[in-house]
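Data first, discussion second: the structure below is written as structure tokens.
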Amino acid sequence: MSASAHNHDLEEGLAFQPKFDASGLVTCVATDAASGDVLMVAHMNDEALRKTIASGEAWYYSRSRKALWRKGETSGHTQRVIELRMDCDQDAVWIRVEQSGAACHTGRRSCFYRKVETGEGGAKLSFVDADKVFDPKAVYRE
């Protein structure tokens, strides 16, 4: 099959053919199904993707811990999957979720709680929507 025929099948076909990177991962963007807000970006390996589809709950693969994890297994702040979509070349996943509590390990509703400000002196960050939903020190005792 030629590359263009393969791309056409991937981009226009209905076969579920996730394309994992060299590390065996796909990027996953999780958004709030009600508001559309971006909650987090994480990675899934084949097992995490299969478990997410089968269970209806978000599963991810931690690159730093090299381990599979279910969102909320420690914090109790779970993600119920409302819809799962693949991008055009099936190397990224978008899940629309019903978020229980906070999505971010810092205790915030979203991992995207800082805005890039530009001005004299270059770019810097400022806090936006940064209120904490929980105290991470009390939840993640390491």
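Every number here is computed from the coordinates shown, using simple stated rules; none is lab data. In this text the structure is predicted, and so the values were computed from the model without any measurement. As a convention, Cβ positions derive from the backbone with ideal geometry for all residues, glycine included, and neighbour counts pool all protein chains shown.
By the 4.7 Å beta carbon criterion, which cysteine residues of the chain come out unpaired?
CYS28, CYS88, each lacking another Cys Cβ under 4.7 Å.
When the Cα centres of the range 92-136 and the range 1-61 are compared, how far apart do they sit, in Å?
Answer, in whole Å: 22.
Kindly flag which residue pairs out of LYS71/LYS137; LYS66/LYS115; LYS71/LYS124 have an alpha-carbon separation exceeding 21 Å in this structure.
LYS66/LYS115; LYS71/LYS124
Using the C-alpha atoms of the range 38-85, what convex hull volume per residue, in cubic angstrom, is computed?
Convex hull of Cα atoms, per residue: 86 Å³.
If Rh is defined by the Kirkwood formula over all Cα pairs and Rg also comes from Cα, what ratio Rg/Rh do you get for the range 74-142?
Details: Rg = 15.8 Å, Rh = 14.4 Å.
With Rg and the Kirkwood Rh in hand, the quotient comes to 1.10.
Give me the net charge for the shell around VAL26: Cβ to Cβ below 15 angstrom, other residues only, Lys and Arg +1, Asp and Glu -1.
Details: positive: LYS19, ARG50, LYS51, ARG63, ARG85; negative: ASP21, ASP46, GLU47, ASP87, ASP89, ASP91.
Overall, the nearby charge balance is -1.
At 4 °C and a viscosity of 1.567 mPa s, what translational diffusion coefficient does Stokes-Einstein give for the range 3-106, taking Rh as the Kirkwood radius over Cα pairs? Give it in µm²/s as a whole number.
Approximately 92 µm²/s, per Stokes-Einstein.
What list of ³J(HN,Hα) values in whole Hz, one per residue of the range 49-57 in order, does the Karplus curve 6.51 cos²θ - 1.76 cosθ + 1.60 (θ = phi - 60°) give from phi, with Gly and Pro shown as x?
These are the phi-based 3J(HN,Hα) values: 5, 5, 5, 4, 5, 6, 9, x, 10 Hz.
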